[in-house]
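A short worksheet on the structure shown next.
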Amino acid sequence: MLILIAKGYTVTRGRLRKKTLLKIAAFLCCTSLCMSSCFYMKESFRSRKSSLHYESPAGYGIIGLRLVGWAWFVYAVIFTMMHYPEKSNFYTKLFLLYSLWFLSAPVVILISTFIVPKWVREKLLNSVELFISIGAHFVFFILTRPSKANKNFPYHVRTSQVKFYSLKKLQL
């Protein structure tokens, strides 16, 4: 979702190119496949007394995919800001806040791997990840709320510019 918004979808344009959508779909499939293999490996490593799924090759793959996603997000935000400078206020906040989100998981995983004892690591890491996810959803809600006083609301199309199609026109 963040890559779609960084590309300008629903903010500066109503459609993305098919090539872009295929790249996003491929990245989503790779991420889903890596997550599935990670959880499978977690269960196979659990018998060897390994506590976390990030302590496997698939876990490192997830961290790598998260960093690739962040790099793509940065590129998309910079590209969109260059072409739509009037949206720079929104995209600057989006970039700063969600760069923290993208980078939080690898940093938290690395810290927990080397500092936190194994017996508490899984519960602590899951708690921190859930807290960060809830915070990211709340920030996104605040950043895109369509109230009159909110200057961050990014959508450039005014309601008077939207065409109204009645149900009679839509029926064939």
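Readers should treat all values here as calculations from the given coordinates under stated rules, not as data from a laboratory. Owing to the predicted nature of the structure, the values given are computational and were not obtained by experimental measurement. Positions of Cβ are backbone-derived with ideal geometry, glycine not excepted, and every protein chain shown enters the neighbour counts.
Measure off 7 Å from each Cα along the Cα-to-Cβ vector at L110 and L130, then give the distance between these two points in nanometres to one decimal.
Taking the two extended label points, one gets 2.7 nm.
At 0.36 nm per residue, and after removing the present C-alpha to C-alpha distance, how many nm does the segment from L97 to L4 gain when stretched out fully?
Result for the pair: 31.9 nm of gain on full extension.
Using a 7 Å offset from Cα along Cα-Cβ at R17, what residues in the range 69-109 end up with backbone N under 18 Å from the label point?
72-84
Report ³J(HN,Hα) in whole Hz for each residue of the range 92-103, in order, from the Karplus equation J = 6.51 cos²θ - 1.76 cosθ + 1.60 where θ = phi - 60°; Gly and Pro get x.
With coefficients 6.51, -1.76 and 1.60, one gets 5, 5, 4, 4, 5, 5, 8, 5, 4, 5, 4, 8 Hz.
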